[in-house]
1. Of everything in region 195-212, what is more than 23 Å from residue 149 (Cα to Cα) and either surrounded by 19 or more Cβ atoms within 10 Å (Cβ to Cβ) or free of Cβ contacts under 8 Å to residues at least 12 places away in the same chain (or both)? Give them in sequence order.
2. Inside region 118-140, can you point out the residues that are surrounded by 17 or more Cβ atoms within 10 Å (Cβ to Cβ) and either outside any strand (DSSP E or B) or more than 14 Å from the chain's Cα centre (by Cα) (or both)?
3. Here is a list of conditions, (1) in contact (Cβ under 8 Å) with a residue 40 or more places away in the chain; (2) under 25 Å from residue 45 (Cβ atoms); (3) in a loop (DSSP other than H, G, I, E, B), and residue 74 meets all of them except one; can you say which number that is?
4. Among the candidates 191, 180, 216, 175, which residue alone is under 25 Å from the mean Cα position of the chain (by Cα) and touching a residue at least 24 places away in the same chain (Cβ under 8 Å)?
5. If you scan region 226-266, which residues turn out to be on the phi < 0 side of the Ramachandran plot and not in a strand (DSSP E or B)?
6. Does residue 205 count as under 29 Å from the mean Cα position of the chain (by Cα), assigned to a strand (DSSP E or B) and within 21 Å of residue 192 (Cβ to Cβ)?
7. Return a yes/no flag: does region 53-65 have any residue that is modelled with pLDDT under 95, part of a loop (DSSP other than H, G, I, E, B) and surrounded by 13 or more Cβ atoms within 10 Å (Cβ to Cβ).
8. Regarding residue 192, is this residue in contact with a helix residue (DSSP H, G or I) (Cβ under 7 Å, 6 or more places away or on another chain), surrounded by 15 or more Cβ atoms within 10 Å (Cβ to Cβ) and either in a loop (DSSP other than H, G, I, E, B) or modelled with pLDDT of 95 or more (or both)?
């Protein structure tokens with residue numbers, strides 16, 4: 001009986017060792033034959049760390065079909081691709097549209113139409129209701145920089161005569177200029193369409209509608225970061241135009257011509 005027990009133990013040891021050898025060989029073989037590269041992890045990058053002069057000018061335009069047309073202008077800091085996340089409030093819910101754009105295979109401007117809703121596999125569209133805007137986050141690779149800025153989405157089907165940015169630091173009285181625009185976006189733009197050559201005290205803020213806006217005057221009230229003599233610059237699509245501003249503490253006010261983007265700079 002002792003001999004039988006001893007033989008049984010030896011047999012188990014041999015089988016166990018053999019089993020280990022087989023498993024170990026398979027594992028090693030798997031390592032040798034694997035050809036799937038480990039994906040490069042997305043980095044956690046702090047937002048808005050680069051100077052405004054290094055950032056691209058970005059446009060957010062509403063469409064009558066409840067979409068947002070995002071346009072990224074010239075890249076002043078090289079990037080091969082950009083991840084975007086358009087975050088927004090829809091009633092009591094928080095929604096987000098997420099995607100990416102290849103930047104190395106084309107030239108500026110780079111465009112993407114983003115639906116404020118969802119689309120089923122069968123093509124049925126469900127629009128998100130009571131959208132008021134949120135934050136657009138842009139993460140650029142491979143130099144790895146991130147921009148995060150607020151945008152306000154305004155339902156103007158019952159025309160209004162005054163509007164404000166999401167942070168309430170930019171307010172504009174437009175009269176009837178936007179009466180034909182069903183939706184309006186006011187965007188804390190991350191960049192400038194052209195250099196301003198002076199320290200920035202507020203903005204840039206961009207305002208767009210679903211239709212072309214006629215020429216006319218608007219009244220601006222803009223909260224500045226510092227109490228300093230200042231002027232307001234308006235971008236007419238080709239160049240900056242300067243307007244004198246009344247300064248009261250950190251608030252600049254002026255009646256100016258309508259422009260798509262405004263910024264306050266030191267005088």
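The values are calculated or read from the model by the stated rules, or taken from the named source; none is laboratory data. The model shown is predicted, which means the values in this text are computed figures rather than measured ones. Methodologically, a virtual Cβ is constructed for each residue, glycine included, from the backbone with ideal geometry; neighbour enumeration extends over all protein chains shown.
1. 212
2. Of everything in region 118-140, those that are surrounded by 17 or more Cβ atoms within 10 Å (Cβ to Cβ) and either outside any strand (DSSP E or B) or more than 14 Å from the chain's Cα centre (by Cα) (or both) turn out to be 128, 131.
3. (1)
4. None of the other options fit; the residue is 191.
5. Hits for region 226-266 are 226, 227, 228, 229, 236, 238, 239, 245, 250, 258, 259, 260.
6. Yes.
7. Within region 53-65, one or more residues are modelled with pLDDT under 95, part of a loop (DSSP other than H, G, I, E, B) and surrounded by 13 or more Cβ atoms within 10 Å (Cβ to Cβ).
8. Yes, satisfied.
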